[in-house]
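Step one of this worksheet: look at the structure below.
Please treat every number below as a calculation from the coordinates, not as lab data. It should be emphasised that the depicted structure is a prediction, and the values quoted were computed from it without experimental measurement.
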């Protein structure tokens, strides 16, 4: 539901970046990482630790 960057663009970018992971949080807007920080932060840290 991001009006600034539609999910289709995120999906396209995800397909183009090898090794990327895409998580779309339901009913979140452009600030999804802030709305769902409790879910986002551990996943981001785990990804960066690899």
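Rounded to the nearest 500 deg cm²/dmol, what is the calculated helix-only ellipticity per residue at 222 nm for the chain, with -39500 (n - 2.57) per DSSP H run of length n ≥ 4?
Taking each H run of at least 4 residues, the total per residue is -15000 deg cm²/dmol.
Of [x] 3.6; [y] 7.1; [z] 5.0, which one was derived for mean projected area of the Cα convex hull in nm² from the structure shown?
[x]
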